[in-house]
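The values are calculated or read from the model by the stated rules, or taken from the named source; none is laboratory data. None of the values given here were measured: they were computed from a predicted structure. Using ideal geometry, Cβ is built from the backbone for each residue, glycine included, and neighbour counts are taken over all protein chains shown. Heads up: the accessible areas ignore ligands, DNA and RNA and are worked out on the full protein's heavy atoms, side chains in. Shrake-Rupley method; radii C 1.70, N 1.55, O 1.52, S 1.80 Å.
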Amino acid sequence: MSIENQKPSTIAVWGGEEKPLAFGAAQVPIVQSAPFAYRDLDEWAAVALNKAPGHIYSRNTNPTVGVFEEKCRLLEGAEKAIAFASGMAAISNSLFAFLRPGDRVVSVKDTYGGTSVIFLNILPEMGIDVDLVDTSDGDAIDAAIAKGCKIAYLETPTNPTLKIIDLDRAIASAKRAGAMTIVDNTFATPINQSPIAMGADLVVHSATKYLGGHDDAMGGVLAGREDLVRQVYQYREICGALLPAFSAYLLLRGMKTLDLRVQKQNATGMAVARFLDGHEKVESVFYPGLETHDKHDVAKRQMRGFGGMLSFAIKGDFNTLKTFIGKLEYVHRAASLGSVNTLIGPPATTSHVECTAEERAALGIPETLLRYSCGIEDADDLITQLDRALAAI
Ligand SMILES: *Cc1c(COP(=O)(O)O)cnc(C)c1O
């Protein structure tokens with residue numbers, strides 16, 4: 001039975017590693033070599049001209065990175081996948097490879113902070129028209145796409161308030177308008193959401209987050225339609241935002257447990273959200289798994305799990321938040337998310353560090369909001385800790 005027909009947990013372990021590896025290694029070797037050497041010019045030329053399999057130079061392709069790309073391709077159900085130095089490298093290279101002066105892009109106001117900077121500053125400076133609409137307003141997304149655009153760039157759930165975009169609906173609008181869709185699937189992971197199966201052309205990830213899952217490597221990936229991914233590959237091989245082989249090895253090692261981790265993080269996310277929801281010292285909880293979330297029905301339809309990311313605003317001011325966060329013991333007060341360790345932080349130092357206080361307010365991000373990324377610790381332990389820290393404020 002081909003690897004394509006296996007379940008995600010099997011693909012996470014075996015994808016790209018089905019055939020014997022170099023030297024009979026049981027795990028993917030780190031091929032730490034910039035160029036690849038050949039015995040004679042004929043052999044070298046055959047590889048260079050794509051007439052024989054092999055590698056020329058690691059800015060273009062590398063065997064360790066190739067296994068990472070194949071595992072991602074299989075997990076996303078894509079025709080092709082290519083790796084990048086970081087999630088932002090994947091996102092920027094994709095946008096820069098496709099967009100030209102005069103083109104129009106439609107996206108939402110709540111994209112990841114770095115992505116927002118590309119939309120708000122970099123693309124307009126390049127003469128590209130960017131229309132950012134209210135993330136929760138499906139009608140506004142449809143209308144903006146219907147005006148015509150080259151790319152509809154979607155992200156769901158969003159950072160940090162866990163808004164949900166109806167992917168079926170937005171992808172259908174983009175198809176009617178002849179636009180390409182790119183979906184940032186970082187929060188959901190391929191375990192919880194499959195945009196390509198829903199008709200999206202391309203999916204991007206910050207592999208730094210759930211795919212790697214251990215906060216020890218940065219990386220990004222673009223997966224989807226072969227013709228489009230090839231176009232971005234040609235841009236990446238010249239511009240050089242490659243994934244180093246050692247990072248690819250760390251990400252591969254992390255990905256073996258992707259399904260295990262995400263299943264547990266889904267369960268913990270739900271338990272922590274239920275605990276916080278209705279707590280007397282908590283103002284609001286943002287989690288798509290709660291029935292009170294405005295797009296809970298959409299999330300239920302398009303996601304297989306609601307994920308390990310949530311955010312909540314505590315009652316009080318920024319000083320209350322500082323006290324609360326200082327009382328937590330077994331969490332990293334750190335940026336990033338999707339790790340085996342629980343992480344917590346306010347948007348001012350995490351997702352929206354690039355924005356000013358006014359910009360955050362305009363995005364509807366409360367001053368006492370905290371983004372919480374459930375790790376794989378015991379859910380009851382995490383809840384006990386939160387309970388104690390809430391009691392202390
Ligand atoms: C972190 C993140 C990115 C950027 O990825 P890096 O690996 O930090 O460059 C993009 N999108 C989302 C949703 C993210 O969480």
Tally, over the stretch 115-133, of residues that are within 15 Å of the ligand (Cβ to nearest atom) and buried (at least 18 other Cβ atoms within 10 Å of the Cβ): 4
Residue check for residue 331: in contact with a helix residue (DSSP H, G or I) (Cβ under 9 Å, 6 or more places away or on another chain) and free of Cβ contacts under 8 Å to residues at least 60 places away in the same chain: yes
Residue in the stretch 102-113 that is touching an Asp or Glu at 6+ places or on another chain (Cβ under 6 Å) and among the hydroxyl-bearing types (Ser, Thr, Tyr) present: yes
Neighbours by Cβ (under 7 Å, 6+ apart or cross-chain): first from the stretch 149-178, over 20 Å from residue 363 (Cβ atoms); second among the hydroxyl-bearing types (Ser, Thr, Tyr) and not in a strand (DSSP E or B): 167/156
Top-ranked residue in the stretch 201-225 [being over 15 Å from the mean Cα position of the chain (by Cα) and within 30 Å of residue 143 (Cβ to Cβ); ranked as farthest from the ligand (Cβ to nearest atom)]: 225
Flag for residue 286 being open to solvent by less than 80 Å² (accessible area, probe 1.4 Å), closer than 30 Å to residue 198 by Cα and outside the structural domain of residue 170 (by TED's automatic domain parsing): yes
Wholly enclosed strands (runs of 3 or more DSSP E) of the stretch 260-352 bearing at least 2 residues in contact with a Cys (Cβ under 8 Å, 6 or more places away or on another chain): 309-314
Exclusive hit being in the same structural domain as residue 12 (by TED's automatic domain parsing) and under 10 Å from residue 254 (Cβ atoms), set 215, 227, 201: 215
Pair list, Cβ < 6 Å and 6+ apart or interchain, from the stretch 204-230 residues that are open to solvent by less than 20 Å² (accessible area, probe 1.4 Å) to residues that are among the aromatic types (Phe, Trp, Tyr): 220/84
Enumerated strands (runs of 3 or more DSSP E) restricted to the stretch 101-173, each holding at least 2 residues that are of a type in the set (Gly, Ala, Ser) and in the same structural domain as residue 200 (by TED's automatic domain parsing): none
Criterion violated by residue 89 - all others in (1) in contact with a strand residue (DSSP E or B) (Cβ under 9 Å, 6 or more places away or on another chain); (2) in a helix (DSSP H, G or I); (3) open to solvent by 50 Å² or more (accessible area, probe 1.4 Å) satisfied: (3)
